[in-house]
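Asks: Have a look at this one before I ask anything.
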Amino acid sequence: MHVFVTGASGHVGSAVVPELLAAGHRVVGLARSEAAVDRLAAAGAEAHRGDLEDLDGLRAAASAADGVIHLAFRHDLMQAGDMAGAAGVDLTAIRAIADAVAGTGKPFVGTSGTLLLALMSPGTVGTEEDAGDGGFRVDAENFVIGLAERGVRSSVVRLPPTVHSQLDRTGFVPHLIATARDRGFAACVGDGANRWSAVHSLDAAHLCRLALEQAPAGSRLHAVGDEGVPFAVIAETIGRALGVPVRRLEADDAAGYFGFLAPFVQLDGPASSARTQQLLGWRPERPGLIADLEEGHYFRTGS
Ligand SMILES: NC(=O)c1ccc[n+]([C@@H]2O[C@H](COP(=O)([O-])OP(=O)(O)OC[C@H]3O[C@@H](n4cnc5c(N)ncnc54)[C@H](OP(=O)(O)O)[C@@H]3O)[C@@H](O)[C@H]2O)c1
């Protein structure tokens, strides 16, 4: 299959591209810089020059492809606190891709996050059946799922807040480690009993490929390996590896320590992938989050 991948040069993309190529697909990645073009070429993929706001370019690349995996996201806006801006660019880009694939039966894999489940189904282990009415990223998720009614084999892969591996240079885990190193202590909010789900990058990439190849139209899929790791355990593991203490912060002090991550580190968002595993035969096989942290690579790379 000729697959157009946005965000192919990012963290998850750097696992998805080799996963697709190894399965015999041809990959054309969206590249907004020469550096991204070079990264894709080194991986054996082709580049479509353009960015998320080049809507004609997105339509052309999606039209030329047999399927689309959409991974690009304006994390720069999100980290600056402009969640609405990041979500707006995402939804506009998705609408452009949808223009090109509607009525074709082509697969379109979108991405979202399992932390949304903390808000959709608070106090429970979130499942693929949970869906929100609207809001940050939920609108995009619902739009992609709705494309099933417009002749698209659409699916959404929800990724945990910690997609972890040696490929992870800029995700939440490196950010937590850098903060603990800078501040001289690791931290959680309150007792840190709130849980984050997690998945290894290579397992996530495998699920993205299976979604492209097999997911029935309108599927919500969970790329979840660890259902729920208590945040205090993440903080303790980071503290131990860095040789710094762990402090339990009051909610009012969270923003001063965690910055843009403050709202996320307080969410309790355990999630199950049982239905995804049953539907697609996917199994998370790589190390879990704590084993991956204890392996030490996050701390050797100066993250
Ligand atoms: N990793 C996680 O832990 C996690 C958790 C939950 C959800 N997700 C979601 O999964 C998807 C992939 O995440 P990721 O971790 O791979 O993100 P990432 O490492 O930050 O990569 C983002 C990708 O988007 C591209 N991009 C950003 N702005 C762009 C623009 N204006 N035009 C074109 N491309 C642009 C980047 O291009 P450059 O290479 O040129 O910078 C990069 O390829 C995102 O939707 C993310 O929100 C990830």
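The values are calculated or read from the model by the stated rules, or taken from the named source; none is laboratory data. Predicted model, so just to flag it, every value in this text is computed and none were measured. Backbone-built Cβ (ideal geometry, glycine too); neighbour counts: all protein chains shown.
Asks: Please count how many residues of segment 23-44 are part of a helix (DSSP H, G or I) and either small (Gly, Ala, Ser) or buried (at least 19 other Cβ atoms within 10 Å of the Cβ) (or both).
Replies: Initial filter on segment 23-44 (part of a helix (DSSP H, G or I)): 34-43.
Retained after the next criterion (residues that are either small (Gly, Ala, Ser) or buried (at least 19 other Cβ atoms within 10 Å of the Cβ) (or both)): 35-36, 39-43.
The total comes to 7.
Asks: I need every pair where a residue in segment 7-22 that is part of a helix (DSSP H, G or I) has its Cβ under 6 Å from the Cβ of a residue that is among the hydroxyl-bearing types (Ser, Thr, Tyr) and near the ligand (Cβ under 8 Å from one of its atoms), sequence separation at least 6 or different chains.
Replies: Ala15/Ser201
Asks: Among Ala15, Ala31, which is the only one that is closer than 18 Å to Leu58 by Cβ and either touching a Phe, Trp or Tyr at 6+ places or on another chain (Cβ under 7 Å) or assigned by TED's automatic domain parsing to the domain that holds Leu210 (or both)?
Replies: Working: Ala15 fails: closer than 18 Å to Leu58 by Cβ.
Going through Ala15, Ala31 in turn, just one is closer than 18 Å to Leu58 by Cβ and either touching a Phe, Trp or Tyr at 6+ places or on another chain (Cβ under 7 Å) or assigned by TED's automatic domain parsing to the domain that holds Leu210 (or both): Ala31.
Asks: Still on this structure, please answer the following. I'd like to know if segment 188-200 contains one or more residues that are in contact with a strand residue (DSSP E or B) (Cβ under 8 Å, 6 or more places away or on another chain), among the charged types (D, E, K, R) and part of a strand (DSSP E or B).
Replies: Keep residues of segment 188-200 that are in contact with a strand residue (DSSP E or B) (Cβ under 8 Å, 6 or more places away or on another chain), which gives 188-200.
Applying the additional criterion that residues be among the charged types (D, E, K, R) yields 191, 195.
This time we only want the ones that are part of a strand (DSSP E or B), so: 195.
Yes, some residue in segment 188-200 is in contact with a strand residue (DSSP E or B) (Cβ under 8 Å, 6 or more places away or on another chain), among the charged types (D, E, K, R) and part of a strand (DSSP E or B).
Asks: Still on this structure, I have one more. Say whether the condition of being under 20 Å from Ser112 (Cα atoms) and in contact with a Gly (Cβ under 6 Å, 6 or more places away or on another chain) is met by at least one residue in segment 227-235.
Replies: Pass one, segment 227-235, residues under 20 Å from Ser112 (Cα atoms): 227-229.
Okay, now just the ones that are also in contact with a Gly (Cβ under 6 Å, 6 or more places away or on another chain), so none.
No - not one qualifying residue is present in segment 227-235.
Asks: Related question: Return yes when Val189 is hydrophobic (A, V, I, L, M, F, W, C) and either within 15 Å of the ligand (Cβ to nearest atom) or touching a Cys at 6+ places or on another chain (Cβ under 7 Å) (or both) and no when it is not.
Replies: On the way: hydrophobic (A, V, I, L, M, F, W, C): yes; either within 15 Å of the ligand (Cβ to nearest atom) or touching a Cys at 6+ places or on another chain (Cβ under 7 Å) (or both): no.
Here the answer is no, as Val189 does not meet what is asked.
Asks: Next question, about the same structure. Filter segment 53-83 for residues that are part of a loop (DSSP other than H, G, I, E, B) and in contact with a strand residue (DSSP E or B) (Cβ under 7 Å, 6 or more places away or on another chain); which is surrounded by the most Cβ atoms within 10 Å (Cβ to Cβ)?
Replies: First, pick out the residues of segment 53-83 that are part of a loop (DSSP other than H, G, I, E, B): 53-54, 65-66, 71-74, 80-82.
Still in the list and also in contact with a strand residue (DSSP E or B) (Cβ under 7 Å, 6 or more places away or on another chain): 65-66, 71-72.
Values: Ala65: 24, Asp66: 15, Leu71: 26, Ala72: 22.
Checked segment 53-83; the qualifying residue surrounded by the most Cβ atoms within 10 Å (Cβ to Cβ) is Leu71.
Asks: Let me ask something additional. In segment 67-96, which residue that is touching a Ser or Thr at 6+ places or on another chain (Cβ under 8 Å) and within 22 Å of Leu20 (Cα to Cα) is farthest from the ligand (Cβ to nearest atom)?
Replies: Going through segment 67-96, the residues touching a Ser or Thr at 6+ places or on another chain (Cβ under 8 Å) turn out to be 68-73, 75, 93.
Narrowing further to those that are within 22 Å of Leu20 (Cα to Cα): 68-73.
Working: Val68: 13, Ile69: 10, His70: 8, Leu71: 4, Ala72: 3, Phe73: 4 Å.
Here the answer is Val68.
Asks: Could you go through segment 207-226 and let me know if any residue there is in the same structural domain as Phe108 (by TED's automatic domain parsing), outside any helix (DSSP H, G or I) and surrounded by fewer than 17 Cβ atoms within 10 Å (Cβ to Cβ).
Replies: yes
Asks: Related question: Only residues that are of a type in the set (D, E, K, R) and under 13 Å from Val5 (Cβ atoms): list them for segment 33-52, please.
Replies: Kept after step one, since they are of a type in the set (D, E, K, R), are these residues of segment 33-52: 34, 38-39, 46, 49, 51.
Arg39, Glu46, listed by residue number.
Asks: Residue under question is Val152, and the condition is that it be closer than 20 Å to Gln278 by Cα and either more than 10 Å from the ligand (Cβ to nearest atom) or assigned by TED's automatic domain parsing to the domain that holds Ser14 (or both); does it hold? It would help to see each step written out before you state the result.
Replies: Details: closer than 20 Å to Gln278 by Cα: no; either more than 10 Å from the ligand (Cβ to nearest atom) or assigned by TED's automatic domain parsing to the domain that holds Ser14 (or both): yes.
Taking the combined requirement at face value, the residue does not satisfy it.
Asks: Hey, which of the strands (runs of 3 or more DSSP E) in segment 90-179, taking only ones fully inside, have at least 2 residues that are farther than 22 Å from Phe4 by Cα? Break it down into steps so the answer makes sense when it comes.
Replies: Values: elements: 107-113, 153-159, 162-164.
Filter on segment 90-179 gives 162-164.
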